Structures are given as structure tokens and as C-alpha cells.
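Take a look at the structure set out below.
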Amino acid sequence: MSQINKLKIFNDPIYGFISIPNALIYDLIQHPYFQRLRRITQMGLSYLVYPGAHHTRFHHALGCMHLMQKAVDVLRFKGVEISPEEENALYIAILLHDIGHGPFSHTMEKTIVEDVHHEQISLLFMEQMNIEFDGKLDLAIQVFKGDYHRKFMLQLISSQLDMDRMDYLKRDSFYSGVAEGNVNSERLIQMMNVVDEVLVIEEKGIYSVEKFLMSRRLMYWQAYLHKTSLAAELTLTKVLKRAKELTSKGINLPCSIPLQFFMKNKIDLASFDAENLNLFSQLDDVDIVSALKSWQYDDDYILSTLSKMIINRDLPKIKLSSEKPTIDDIELLKEQFAKEHNLSLLDTNYFIFKGKIKNQAYSKEAEPIHILKKDRSVEDVFESADQLNLKSLSKLVTKYYICFPKQLEQIKI
């Protein structure tokens, strides 16, 4: 295929036309590892709450690359030197930043693999692709790992105001219909600059930054941490935990070969070799949904009941509170459920459990968002902005939840 034929365009509902900047980027997009992202939903099981939220990680990765192209144009216009090699490294790093996500995005990090973060798997994929592409991803990997001397390049990919967040807030808001999440990425990018190799936002963009942080906070409460989405995600985690437990007892559950492998083997970062990575690359949402459809008819009461809950969207109740649920409340629910369904108290842990969720739009501990003032001095947005607004946005809000089957609703806790 000629180089010219690789300069394709995608029609994106958010930004209009997205252009592929060069043949290497085209080849990376065409790679099976990247095409897999078409089969992984961006918002996990949130479509059970917001029916439109069926968009994929593939959509999101292209959107991030498009925003990166805009950012490079703006910075160059303002006199920031970015070489063609650095430009390409930025496009590759942002395009592949989410390539390590497993089925239904974050759910898998706790179940299919043992405490391996998706960013670590992304890096493994990038290193494997770098071998196939004869080292053309060297600089992108250096930037992605934070080893490159120009700090702003990593900030564009991963920081409190990066292309990733700008795209997912706008995109998730569009597809879910949660209008509060819509951010003005165009204006934020226009306000970007670089001072001493650090990414800054010009002072006149400060209200856009505040709006961005506010949108992020609202999207977490209304979409990402929506209690029904949370109940669905937690139920899926329990299904996979149960499936793993049954598999470890020698029970063969019907599912795809890659999923079966991860059910039977404990895979952590140290054991993620090229072969395991290749098997992981064959996993997507389809494997999980297909397994759930089979498992809902399994003889095991726990596995079949939990699978049906997701397939038929008959999800458990979840109660959120600023207070921790008491042990007595949980024991009362467990005893009642165990009696009704002839289960051991240990087995009720699959249906009744507690936990906590946290929401913090802006972290004062992480690398701050830098504001470039008119006198050319640079300060933390926390110092520059409307203090009251940012105080509430940087406050860590913790909510406690208790999850239990609907039939226990009548029990007062």
C-alpha cells in the first residue's frame, strides 16, 4: 500500500474529520493490538445506565491523537520548538496510551490479571510493537515512561490537564448525554504554552481550567461513579472472581480460550511474557459477554445468579452514605440472605459487600496545573483561581457503599 493511500481521514462525531498524519501512524492503527480497542467500551458497563454510552477505546484514542495535533500546532505557533521526531513521538504515545485496557476497561485490573495496571500493559504492548516496527517507537516509549528531558511532552499525555482527560470528558459527555461533562477543549488548547520545558496555561484561560475541573468532578458523580454503573461493575468483578474460584477447583467453565487461560493462571506483571501478552490481546468485551450468556445457565447458584443480574440488568441495590456501614448491618443482611437461599455465610460475600469510592477533581499532591501570568511568572492554578471554587474541587470526597440483592430492600439498615 502506498504512503499516500495511508493518509486516511476518520469522521468523528465530536471533532468532525480526524486526519492520520503519516504512514507509521496508519500502520499502528491497523495493527491487531490497536484494532482490538474497537471491541472495548470506553465506559465499561455504563451503557446499562446511559444507553448511548457504547463508544469504544478506539474512538477515544483517535480523539486524543487529534487533540495532540491541535496542541502541537498551537505550541509551534507560539514559538515552542518541536522537532518532527518529537511530534511523532507525541502522536504515538497518546494514540497507544490506553492500548493495555482489558475488557470493560477498569474491571479487569482486579480480576483477570493480578494487580497489573492498564498503563503497565500499555507499555508492554508498545515495547512489543517497537520490536515489530524496528525501533520506530523508541522516543514515544521514552516520553510515555517520563524519561525524556522535555517535561511538557509527558504532561500533554499524562497530567491533570492532558489530551486524554480532555477527550474522554467531552466524548463521554456526548455519548452518555450527561451535558455537565462537556469541556471546551478547543479553548484550553489555544491557551497552552511552554515555559522552561513545563506546560502552562495562559492566565486568560483560567476560567476554562476551572470549568474543566468542575466538569470532571460532575462526570465522576453522574457517570463514572453512578451507583448503578458501580453496582454493575462490582457484580461483574464478583462473577469473574467466582469463575476463577470454580476453575481452580477443576471445574471447566465454557468460555473462550484466552479467557480460560487467564481463569486458570495467576498472571502478574513479572509473568507477562510475549506469549501471555498475545493471549491478553485476544481478550475483549465479547469474551466476557459470551461467557456470561453461558454461565447464567450454570449449575453453580452463585455464578448463574450473578451472570443473570448483568445479562438481564437486574442489578443489586447499592446504598451510598458519608458514614461507614456497620458490621451489624452487613451481618443482618448476610444472615437473612443465607437463610433464604440456603447459602453459607462465606458465600453471601458474593452478594453482600461494602466498599468506598473517592472523587477529587484536582489533586494538590500531584504535579499542579501551571498558570502563566501576564508578568511571565508561573504559579499553581490553586493560587491563581477563585479560591472557593478550587477548594471544593481539590477536596477529597469519600462515600461508603453497601451492595445487596434487591429482595433485601425491606430490611432496615
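The values are calculated or read from the model by the stated rules, or taken from the named source; none is laboratory data. Please read all numbers here as calculations on a predicted model, not as lab measurements. Positions of Cβ are generated from backbone atoms using ideal geometry, with glycine treated the same way; all protein chains shown enter the neighbour counts. Just so you know, the surface numbers come from the protein's heavy atoms only, side chains and all, with ligands and any DNA or RNA stripped out. Shrake-Rupley method; radii C 1.70, N 1.55, O 1.52, S 1.80 Å.
Filtered by the rule that a residue be farther than 18 Å from residue 23 by Cβ, in contact with a helix residue (DSSP H, G or I) (Cβ under 8 Å, 6 or more places away or on another chain) and open to solvent by 10 Å² or more (accessible area, probe 1.4 Å), the stretch 57-74 gives 57, 58, 59, 70, 74.
Pull up the stretch 295-310, narrow it to residues that are touching a helix residue (DSSP H, G or I) at 6+ places or on another chain (Cβ under 8 Å) and either among the small types (Gly, Ala, Ser) or over 25 Å from residue 356 (Cα atoms) (or both), then point me to the one that is surrounded by the fewest Cβ atoms within 10 Å (Cβ to Cβ).
If we filter the stretch 295-310 for residues that are touching a helix residue (DSSP H, G or I) at 6+ places or on another chain (Cβ under 8 Å), which is where we start, we get 295-298, 300-304, 306-307, 309-310.
Remaining after also requiring either among the small types (Gly, Ala, Ser) or over 25 Å from residue 356 (Cα atoms) (or both): 295-298, 300-301, 304, 307.
Numbers: 295: 24, 296: 18, 297: 11, 298: 18, 300: 16, 301: 13, 304: 17, 307: 24.
So, considering only residues that are touching a helix residue (DSSP H, G or I) at 6+ places or on another chain (Cβ under 8 Å) and either among the small types (Gly, Ala, Ser) or over 25 Å from residue 356 (Cα atoms) (or both), the one surrounded by the fewest Cβ atoms within 10 Å (Cβ to Cβ) is 297.
For first residues located in the stretch 100-120 and more than 21 Å from residue 225 (Cβ to Cβ), partners that are modelled with pLDDT of 75 or more and charged (D, E, K, R) and lie 6+ apart or on another chain with Cβ distances below 8 Å form the pairs 100/119; 113/268; 114/266; 114/268; 115/268; 116/268. Restricting the search to the stretch 32-52, which residues are part of a loop (DSSP other than H, G, I, E, B), surrounded by 17 or more Cβ atoms within 10 Å (Cβ to Cβ) and of a type outside the set (Ser, Thr, Tyr)? 40, 42, 43, 44, 45, 49 - these are the residues of the stretch 32-52 that are part of a loop (DSSP other than H, G, I, E, B), surrounded by 17 or more Cβ atoms within 10 Å (Cβ to Cβ) and of a type outside the set (Ser, Thr, Tyr).
The residue that is farthest from residue 209 (Cα to Cα), among those in the stretch 121-166 that are small (Gly, Ala, Ser) and in contact (Cβ under 8 Å) with a residue 60 or more places away in the chain, is 158.
Considering 62, 75, which residue is assigned to a helix (DSSP H, G or I), aliphatic (A, V, I, L, M) and in contact (Cβ under 8 Å) with a residue 60 or more places away in the chain?
Working: 62 fails: in contact (Cβ under 8 Å) with a residue 60 or more places away in the chain.
Result of the check over 62, 75: 75.
Of all the helices (runs of 4 or more DSSP H) wholly in the stretch 81-182, which have at least 1 residues that are over 21 Å from residue 273 (Cβ atoms) and at pLDDT 95 or above?
Details: elements: 84-95, 118-132, 138-145, 151-157, 163-176.
Per the criteria, 84-95, 138-145, 151-157, 163-176.
Which count do you get for residues in the stretch 109-142 that are in contact with a His (Cβ under 7 Å, 6 or more places away or on another chain) and under 23 Å from residue 287 (Cα atoms)? Break it down stepwise before answering.
To start, the set of residues in the stretch 109-142 that are in contact with a His (Cβ under 7 Å, 6 or more places away or on another chain) comprises 109, 118, 122, 129.
In the following step, the residues that additionally are under 23 Å from residue 287 (Cα atoms) were identified as 109, 118, 122.
Residues in the stretch 109-142 being in contact with a His (Cβ under 7 Å, 6 or more places away or on another chain) and under 23 Å from residue 287 (Cα atoms): 3 in total.
Open to solvent by less than 70 Å² (accessible area, probe 1.4 Å) and assigned to a helix (DSSP H, G or I): does that describe residue 287?
Criteria met by residue 287.
Considering only residues in the stretch 345-365 that are of a type in the set (Ser, Thr, Tyr) and modelled with pLDDT of 90 or more, the one that is most open to solvent (accessible area, probe 1.4 Å) turns out to be 350. Residues 405, 325, 368, 316: which one is open to solvent by less than 10 Å² (accessible area, probe 1.4 Å) and not basic (Lys, Arg)? On inspection, the qualifying residue turns out to be 405. Taking the conditions (1) open to solvent by less than 20 Å² (accessible area, probe 1.4 Å); (2) more than 20 Å from residue 82 (Cβ to Cβ); (3) in contact with a Ser or Thr (Cβ under 9 Å, 6 or more places away or on another chain) in turn, residue 188 satisfies each one other than (2). Got at least one residue in the stretch 75-85 being in contact with a Phe, Trp or Tyr (Cβ under 7 Å, 6 or more places away or on another chain) and either within 30 Å of residue 194 (Cβ to Cβ) or open to solvent by 10 Å² or more (accessible area, probe 1.4 Å) (or both)? No. Can you pull out every residue in the stretch 194-208 that is closer than 15 Å to residue 77 by Cα, of a type in the set (A, V, I, L, M) and surrounded by fewer than 20 Cβ atoms within 10 Å (Cβ to Cβ)? 195, the sole residue that qualifies. Step by step: first the residues of the stretch 315-352, then only those that are free of Cβ contacts under 8 Å to residues at least 60 places away in the same chain and of a type in the set (D, E, K, R), then the one that is nearest to residue 45 (Cα to Cα). Which residue is that? Looking at the filtered set, the residue picked out is 347.
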